[in-house]
Amino acid sequence: MHPLIKELETAQRKPAISPVRSGDTVRVHQMIREGAKQRVQIFEGVVIRTHRLGELSACVTVRRIASGIGVEKTFLLHSPNVTKIEIVRRAKVRRNFLSYLRERRGKSARLQEVAFDKAAVNQSPVVKDVKEDPLAESKDAEVTELDTGAAEDIKPEESTEEVAKDEGKEAAAEEPKADPANPDEETLSDEETAEGVSEAEPNKQ
């Protein structure tokens, strides 16, 4: 195989796929895209054929009976649209292509079930070199930008105590000044004095 083709196939391969065999009853989780929306559709049936499992074009054919009609679908195991394959039951068969199931119904279509470790077979594959949270890097960048903007308001030369003193001085300047003769009384502004005089004149008359 050409090195470039091999490199391309290696990049498109999944890190691990489910060990599906002929005779297995599986639940295939397939991604369905409808315009801007997407959903996961589950197709459950019996694997009647496996093909090229060691290659990039590995595929399985799954058959089920829907409303009395046999339906078969072929799935590419390395396709990004196939998100998960769950093995429900495993049967003992002696051939790879179970074409005889197409002519059988009911009890005659049953396969001899065998025991297997369901938890070990269906464990999710571990993907290496992938971050747990793909948005973690962008979130950290946003937090850094916000912290930088807040730090610009305070100059590095000034301490927090100096900033508090400056704010206290500004607040004291805005407060009305008291009369030195009567420290408990506050001085009124010119507008407030004029309003008091205008209210007092009608009473004198």
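Restricting attention to region 87-98 and to residues that are open to solvent by 40 Å² or more (accessible area, probe 1.4 Å) and touching a strand residue (DSSP E or B) at 6+ places or on another chain (Cβ under 7 Å), the residue that is nearest to Pro19 (Cα to Cα) turns out to be Arg89.
If you check Val47 against the conditions, is it open to solvent by less than 40 Å² (accessible area, probe 1.4 Å) and not charged (D, E, K, R)? Yes, satisfied.
Taking residues in region 21-37 that are open to solvent by less than 80 Å² (accessible area, probe 1.4 Å), and partners anywhere that are among the hydroxyl-bearing types (Ser, Thr, Tyr), the pairs with Cβ atoms closer than 7 Å and at least 6 places apart or on different chains are Ser22/Thr50; His29/Thr83; Met31/Thr83.
Residues that are in a strand (DSSP E or B) and aliphatic (A, V, I, L, M) within region 108-117 comprise just one, Val114. Can you tell me which of Leu76, Leu56 is within 27 Å of the chain's Cα centre (by Cα), surrounded by 10 or more Cβ atoms within 10 Å (Cβ to Cβ) and within 24 Å of Leu8 (Cβ to Cβ)? None of the other options fit; the residue is Leu76. Per the conditions (1) surrounded by 10 or more Cβ atoms within 10 Å (Cβ to Cβ); (2) over 22 Å from Arg64 (Cβ atoms), the sole criterion not satisfied by Ala11 is (1). Take the conditions (1) of a type outside the set (S, T, N, Q); (2) surrounded by fewer than 12 Cβ atoms within 10 Å (Cβ to Cβ); (3) touching a strand residue (DSSP E or B) at 6+ places or on another chain (Cβ under 6 Å); Asp117 misses just one of them, which is (3).
With respect to the conditions (1) modelled with pLDDT under 90; (2) surrounded by 10 or more Cβ atoms within 10 Å (Cβ to Cβ), Val130 lacks only one, and its number is (2).
The values are calculated or read from the model by the stated rules, or taken from the named source; none is laboratory data. Nothing here was measured: the structure is a model prediction, and the numbers come from that model. When we count neighbours, we look across all protein chains shown, and the Cβ atoms used for this are built from the backbone with ideal geometry, even at glycine. Surface areas here come from the heavy atoms of the whole protein model, side chains and all, with no ligands, DNA or RNA. Shrake-Rupley method; radii C 1.70, N 1.55, O 1.52, S 1.80 Å.
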